[in-house]
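J.: Sharing a structure, written as structure tokens. Questions coming.
The values are calculated or read from the model by the stated rules, or taken from the named source; none is laboratory data. Here the structure is a predicted model, which means the values were calculated and not measured. Cβ coordinates were reconstructed from backbone atoms using ideal geometry, including for glycine residues, and neighbour counts include every protein chain displayed.
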Amino acid sequence: MNSPIPLGILYAGLAGTVLALIVATAQQKWSCKVFFLLALRLAIGWHFMFEGFHKIHSTYTGPTETNRPFTSEPYFKVAPGPLGEKMRKNFGDPNVVIGNPVKAPKDIKPEAFDKLSAAEQAAECPPSVAQKFDALAEQAPAAVQAMKDDSAKQLAAADAEEKKAIKAADDQEAEAMKTAQTPLEQKFVVAKAEEARTEAKKKAADKRKAAQALGSQYADGTALVTAAKATYARWVYGVEGRDCKVKGISGDVSLSAPDRLKHLDWLRQEVKAAEARQREGLGNGYGMDVKRVSEWRTDLVIAESDLARDASSFVSELQQVLNGGKAVEEPVVLTEGQKLDKFTMWFLVVVGAFLMAGLFTRLSCVMAAGFLVMTYLAFPPFPWYPVAPNTEGNPLFINKNAIECLALLSLACMPTGRWMGIDALIYRCIFGKETEVTAPTKPATT
């Protein structure tokens, strides 16, 4: 169990809850109706409150090997229900990212684009991305100078490593010559030492070449910004690819932006074709066509999100180069979905605590039921929809959310707050009497 509350306090609270339930039932003349309705209210309140506590605890603990901070994004990412599409947009619409930064502004074939100069390629970089690179133009000269300084350090290191390796080869040769007895052995020692010296010189030459290329790669900051724009544009126009994951293919696949957009178009066509087959009545219940529709929908949503994330990561990598190897700190702006997650965590705690304490009991029941209705509509257990993640059993139209919602609405119709809780104290202070559940005795007739 991973609870944010110490077990001692948890057990004490549970014992106190049970004791309060027994006392409230005794006050209502040991009515079975009172006992089970109050037990149902307490059970649902306990469920809501500790579900909220767990989500809050996971968020404050942060990502670890054994903890994943709460987020509803993966759940809503594949939610097919009426609220699924709306909830997904609260976490950022991937098609907004794909629309401008990933799609090429002009229709230029990859072969023709590859023949353009770096400046011409940079001019065709999508405007939204080019603006981010231009914003780092002041930091670019320092980044170029850092590359040149690094180049000088690498050249010095290459010289030092070469001298060290040659000296080690000379020392080994001298040591081996002391034990060599025949001319053949001496010749072998000399040849081995010469081979070591040659290898050391070759490695040093390769390192010098790489260091010199690093130092002379960009003349100034303007050239670095131009190179960043051209690099991104080559991916957008299909000249170069980037490694990515594609379902059904093991390992990474190098694909350009047009390749991935074509893949999305193909997935959309498959979704439409599968939906058309389903509408024609070829798939019923949990049949093959229904399953195929859900799989294609899920694949499309995941592919869109992956492309949007990869495009943003590519831009961040190039920005980091322009910023001298330091990640660009952008203001953290919570999406509507992230704000909703925070609200959801505390909503569960507060509503659950109100149900446990019997405060605003009827209103709390209705609010909790409304939350479950929204959850139900996001991922309804309809036979033409995929089963929600981590679903137990085989729900058909009715799942646990629907049952718990009906139970809450039933509790909202009963005065359980007046039987036990703060509502009962308020009622007694105002009206000066307790709420009875037994029917009043009829007056005697004469």
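J.: Checking Ile98 against (1) of a type outside the set (Phe, Trp, Tyr); (2) buried (at least 18 other Cβ atoms within 10 Å of the Cβ); (3) touching an Asp or Glu at 6+ places or on another chain (Cβ under 9 Å); (4) more than 30 Å from Val239 (Cα to Cα), which single condition isn't satisfied?
T.: (4)
J.: Collect the residues in segment 22-38 that are surrounded by 18 or more Cβ atoms within 10 Å (Cβ to Cβ) and touching a residue at least 60 places away in the same chain (Cβ under 8 Å), keeping them in residue-number order. Step through it out loud before you land on a result.
T.: The initial filter retains those residues of segment 22-38 that are surrounded by 18 or more Cβ atoms within 10 Å (Cβ to Cβ), namely 24-25, 28, 31, 34, 37-38.
Within segment 22-38, Ala24, Gln28, Ser31, Val34, Leu37, Leu38 qualify.
J.: Among the candidates Gly238, Gly215, single out the residue that is in the same structural domain as Glu124 (by TED's automatic domain parsing) and not in a helix (DSSP H, G or I). Steps first, please.
T.: Numbers: Gly215 fails: not in a helix (DSSP H, G or I).
On inspection, the qualifying residue turns out to be Gly238.
J.: Moving to a separate point now. May I ask you to list pairs of residues, at least six apart or on different chains, whose Cβ atoms are under 8 Å apart, with the first in segment 332-351 being within 14 Å of Ser364 (Cα to Cα) and the second being hydroxyl-bearing (Ser, Thr, Tyr) and modelled with pLDDT of 90 or more?
T.: Sorted first by the residue in segment 332-351, then by its partner, the pairs are Val351/Ser364.
J.: Still on this structure, please answer the following. Quick one: which of Tyr237, Tyr218 is modelled with pLDDT of 90 or more and of a type in the set (Ser, Thr, Tyr)? I'd like the intermediate steps shown before the answer.
T.: On the way: Tyr218 fails: modelled with pLDDT of 90 or more.
Criteria check complete, one pass: Tyr237.
J.: Would you pick out the residues in segment 51-73 that are surrounded by fewer than 14 Cβ atoms within 10 Å (Cβ to Cβ) and either within 24 Å of Val351 (Cβ to Cβ) or among the basic types (Lys, Arg) (or both)?
T.: Answer for segment 51-73, where residues must be surrounded by fewer than 14 Cβ atoms within 10 Å (Cβ to Cβ) and either within 24 Å of Val351 (Cβ to Cβ) or among the basic types (Lys, Arg) (or both): Tyr60, Arg68.
J.: If a residue must be surrounded by 14 or more Cβ atoms within 10 Å (Cβ to Cβ) and closer than 16 Å to Asp159 by Cα, how many such residues does segment 185-202 contain?
T.: So the count comes out to 3.
J.: What are the residues in segment 388-406 that are surrounded by fewer than 15 Cβ atoms within 10 Å (Cβ to Cβ), in a loop (DSSP other than H, G, I, E, B) and touching a Pro at 6+ places or on another chain (Cβ under 7 Å), if any?
T.: Correct list: Phe397 only.
J.: Now, a different point. Would you please list the contacts, defined by Cβ atoms under 7 Å and residues six or more apart or on different chains, that run from a residue in segment 234-259 that is surrounded by 18 or more Cβ atoms within 10 Å (Cβ to Cβ) and among the polar types (S, T, N, Q) to a residue that is modelled with pLDDT of 95 or more and not in a loop (DSSP other than H, G, I, E, B)?
T.: Cβ pairs passing all conditions: Ser256/Trp235.
J.: Of everything in segment 33-74, what is among the β-branched types (Val, Ile, Thr) and in a helix (DSSP H, G or I)? Give them in sequence order. Walk me through it before giving the result.
T.: As a first pass, look at segment 33-74 and keep what is among the β-branched types (Val, Ile, Thr): 34, 44, 56, 59, 61, 64, 66, 71.
Matches in segment 33-74: Val34, Ile44, Ile56, Thr59, Thr61.
J.: Please go through (1) closer than 30 Å to Ser316 by Cα; (2) surrounded by 11 or more Cβ atoms within 10 Å (Cβ to Cβ); (3) outside the structural domain of Met356 (by TED's automatic domain parsing) for Gly81 and return the number of the only condition it doesn't satisfy.
T.: Gly81 satisfies every listed condition except (1).
J.: Of all residues in segment 304-340, which are within 27 Å of Gly81 (Cα to Cα), of a type outside the set (S, T, N, Q) and touching a Pro at 6+ places or on another chain (Cβ under 9 Å)?
T.: Answer for segment 304-340, where residues must be within 27 Å of Gly81 (Cα to Cα), of a type outside the set (S, T, N, Q) and touching a Pro at 6+ places or on another chain (Cβ under 9 Å): Glu304, Asp306, Leu307, Ala308, Arg309.
J.: Quick one: which residue in Thr361, Thr375 is surrounded by 15 or more Cβ atoms within 10 Å (Cβ to Cβ) and in contact (Cβ under 8 Å) with a residue 60 or more places away in the chain? So that I can check it myself, show each step before the final result.
T.: Values: Thr375 fails: in contact (Cβ under 8 Å) with a residue 60 or more places away in the chain.
Answer to the selection: Thr361.
J.: If you don't mind, there's one more thing I want to ask. Evaluate the following for Lys29: is it among the basic types (Lys, Arg) and either closer than 23 Å to Ile403 by Cα or in a helix (DSSP H, G or I) (or both)?
T.: Numbers: among the basic types (Lys, Arg): yes; either closer than 23 Å to Ile403 by Cα or in a helix (DSSP H, G or I) (or both): no.
Taking the combined requirement at face value, the residue does not satisfy it.
J.: Here is a further query. Can you tell me which residue within segment 327-355, out of those that are of a type in the set (A, V, I, L, M) and either over 22 Å from Ala412 (Cβ atoms) or outside any helix (DSSP H, G or I) (or both), is modelled with the highest pLDDT?
T.: Taking segment 327-355 and keeping what is of a type in the set (A, V, I, L, M), we get 327-328, 332-334, 340, 345, 348-351, 353, 355.
Within this subset, residues satisfying the condition of being either over 22 Å from Ala412 (Cβ atoms) or outside any helix (DSSP H, G or I) (or both) are 327-328, 332-334, 340, 345.
Working: Ala327: 85, Val328: 83, Val332: 68, Val333: 73, Leu334: 76, Leu340: 90, Met345: 93.
By that ranking, first place goes to Met345.
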